[in-house]
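Below is one structure, written out as structure tokens; the observations come after it.
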Amino acid sequence: RTKAGRSSLRSAARPYTGLMDSSPIAGPLTIRPEAVRQSWFVRARSLFSAGGMLIAVVVKTWGGWELPVVPILLLLGIPLATNLPLWRRLKRGQLLSDATVAGVLAIDIVALTATLALSGGASNPFSSAYLLYVPIGALLLPPTWIWGVVSLAVAAYSILFWSPTFSEHAHHQS
């Protein structure tokens, strides 16, 4: 064998290591779209969580609203904490499974619901954040999984209206 033949065999047998991958068909470097989407997903989760934490502290400090800031910060910290193993997997070159992405979206929806329950329920302007999960799920998941994410988001938002524990709108129940 030639030296070039051995190196091309080695590059074809190497595991995926990042956003780019070598492929004997596509050429020396190709960008893996699913890896790019998943890395942006993890980044967006970090930004949403950190932004929510910042908003909670600003509203409590300068807005004059009575919010249970510590529980809200803990709830918004859950997506940040779950991002750590996701980043590790992506850095090692492993793509996230559909079940992992759906599970992480479910964690986010539950954390958002609990946060909204502590801060105004369905009347909180940030309750529209449920709408973010639909296009994010559509970009990352096959249709069967996205229907589950949509159903969970609708159910979670509905709980904010109908549960007397979570909403000032509980008196609207029929």
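Multiplying the residue separation of Leu47 and Leu73 by 0.36 nm and removing their Cα-Cα distance gives an extension gain of 8.0 nm. Approximating the spin labels as points 7 Å out from Cα along Cα→Cβ, the Ser158-to-Ile107 distance works out to 2.6 nm.
Each reported figure results from applying straightforward, stated rules to the coordinates on display, with no laboratory input. All values derive from a computational prediction rather than experimental measurement. Positions of Cβ are generated from backbone atoms using ideal geometry, with glycine treated the same way; all protein chains shown enter the neighbour counts.
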